[in-house]
Amino acid sequence: MVDVIYGRGVTDILREMPYYISIFKKMTMYRLFHVKQPMYGSVDVNNVCNLHCTHCYWWLNRKEEQDMSVEDWRQIIKDVFNKQRVFVTTLVGGEPTLRQDILEVFCELMPHRVCVVTNGTFPLKRYDGLYFYWVSLDGTEKVHDTIRGKGSYAKTKENIMGYISGPPRRGKPAYKDIWLTMTINSVNHHTVEELTEEWRGTVNKIGFQFHTPFVKGDPLTFPFGEERNRVVDKIIELKKKYPDYVINSVKQISLMKGNWGGIGTTPVQCPSWAILSLDHMGRLKQPCCIGSADSKSLKPLCEDCGLGCYSILVAQGITGN
Ligand SMILES: C[S@@+](CC[C@H](N)C(=O)[O-])C[C@H]1O[C@@H](n2cnc3c(N)ncnc32)[C@H](O)[C@@H]1O
Ligand code: SF4
Ligand code: SF4
C-alpha cells in the first residue's frame, strides 16, 4: 500500500473520510464562531514509568495515585473520544506499554487512530488497530543514555529490531509501524544528523521536536539563536533529502527558530484547545498535553515551547486560544 499522507494509504483515507469532514467542520466552526472542539486526543494511560529521564516533564508534576481500570477507559473512549469524533489519539504516560490492557481497548474502540509513544524498553506488541508506535530516541546511543539511563538505547534498539523482524501487520511490513521521535535539547542537538542516518532504511519515519522547559534557566533548554537555527536548518536539509522519512514539514520546523506558542505560561498562537488531553485519571490537563489537571502545578513555558504536536497545527493554519 502506498503512503499518501502521514503513513496513511488511499484505503485508510477513504475509510476515515467522515473524520476528515469532521475536522473540516470543526476548523470552520472555530474560524467563524470561535467554537473550540478538539480534533485530536492525548491520554496518559498510566501513572508509572520505568525510567527517570533528565528532560521529562511528566515527573515534574507526578503525584502518587492509582491508574484507572480498562473498563473506566472503555467508558471514556465511548463517551468522550468517539462521541466528539476525535480523530487520532496519542497514548503516552508514564510508560504506556506497561498497560497493554488499556492500549488494547483504545486500539479496539478507535481502530487505526491510535499512536503509542513509548521509550521502547519493553518488547513492542502487535495491535491490530494500532496506527503506529512513536519510539523516543533522544540522540545517538551515548547521549541518549545520559538522558534516559545507561543501557536504555541498546534495549530500545533490540525491541525495535525484534518488532521489525516480525510478520507484516495488515499487509504492511512491520517496519512501517515504527516512527522515531527525538526531543532536541542543549546536550543532544549535535546528534540530529547521525541519528537520522543511523535509522534510515530501518524504520518508517523520524520526527523532531524541541525540549520545552517549565522553568527559566533549565539547563536542557536549547535557546533561540544562531546555534538552534543551524539545527533547524539541518533538519530542513534532511527533510529535502529524505522527504518521506523525515516527518516534520519545513513550515513546522521553521517555527522552532522562535516563539510560536505564547507569552510566559499562557498559550496565544498555540491551539491548545485542538488536542483533548487527559491524565491517568481521565481529568482534563491544562493548558495542553504536557500540563496538568492540577491548577497549582508547575506550568510549561509557552514562550519557549518546542512541542511538535501543536506546532504542526499552527503550521497548518490552526491557531489561537
Ligand atoms: C513523557 S513521554 C511518555 C511516553 C514514553 N514514556 C516515552 O518516553 O516515549 C512522551 C514524550 O515526551 C517527550 N518529553 C519529555 N519531556 C519533555 C519536555 N520537557 N519537552 C518536550 N518533550 C518532552 C519524551 O521525550 C517523549 O518522547
Ligand atoms: S520514559 Fe518517558 S515518561 Fe518515562 S521518564 Fe522518560 S520521557 Fe518521561
Ligand atoms: S503546547 Fe506549548 S505553547 Fe501550547 S500550551 Fe503547551 S506549552 Fe504552551
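Values computed for the structure shown
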| read-out | value |
| --- | --- |
| Selection of trypsin sites (Lys or Arg not before Pro), the range 220-321, meeting DSSP coil and at most 13 other Cβ within 10 Å | 283, 296 |
| Filter on 83/251; 26/234; 63/176; 216/251 - keep pairs with C-alpha separation over 30 Å | 83/251; 26/234; 63/176 |
| Cβ-defined net charge surrounding residue 230, 12 Å radius [Lys, Arg +1; Asp, Glu -1] | -2 |
| Cut-off under 5 Å, modelled amide H: who pairs with residue 180 long-range | 135, 205, 206, 207 |
| Fully extended contour minus Cα-Cα distance, from residue 224 to residue 52, at 0.36 nm per residue | 59.3 nm |
| Amide H contacts of residue 265 (H built 1.01 Å from N, under 5 Å, at least 5 apart or other chain) | 302 |
| Pair-distance profile P(r), taking every C-alpha pair of the chain, with 20 angstrom steps and integer % | 32, 64, 4 |
| Point-charge dipole on Cβ atoms (K/R +1, D/E -1) for the chain, about Cα centre, debye to 20 | 820 debye |
| Under-5 Å amide H pairs with residue 42, H placed in peptide plane, nonlocal only | 90, 276, 277, 278 |
| Cysteines (scope the chain) whose Cβ has no counterpart Cys Cβ under 4.7 Å | 49, 107, 115, 270, 288, 289, 302, 305, 309 |
| For 310, 40, 30, order by how many other beta-carbon atoms lie within 10 Å, fewest first | 30, 40, 310 |
| The range 179-242: radius of gyration over Cα atoms, expressed as a fraction of 2.2 N^0.38 Å | 1.16 |
| Cα principal axis extents for the range 211-284, largest first, Å | 42, 31, 22 |
| Net +/- balance of residues flanking residue 33 in space, Cβ distance below 15 Å, scoring K and R +1, D and E -1 | +4 |
| Note, ³J(HN,Hα) from phi for the range 217-230, Karplus 6.51, -1.76, 1.60, rounded to Hz, x at Gly and Pro | x, 4, x, 7, 4, 9, x, 4, x, 4, 5, 5, 4, 5 |
| Fewest-first sequence of 125, 83, 205 by Cβ atoms within 10 Å of each Cβ | 83, 125, 205 |
| Distance from the range 50-107 to the range 238-288 (C-alpha centre basis), Å | 19 Å |
| Pair-distance profile P(r), taking every C-alpha pair of the range 1-56, with 10 angstrom steps and integer % | 18, 27, 26, 26, 3 |
| Charge context of residue 81, other residues only, Cβ under 12 angstrom, K/R +1, D/E -1 | +4 |
| Cα gyration tensor of the range 66-168 - equivalent ellipsoid semi-axes, whole Å, descending | 28, 15, 12 |
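Bear in mind these aren't lab numbers, they're just calculated from the coordinates by the rules spelled out. These numbers were taken from a predicted model, which means no experiment stands behind them. Counting neighbours? That spans all protein chains shown, and the Cβs are built from the backbone with ideal geometry, glycine included.
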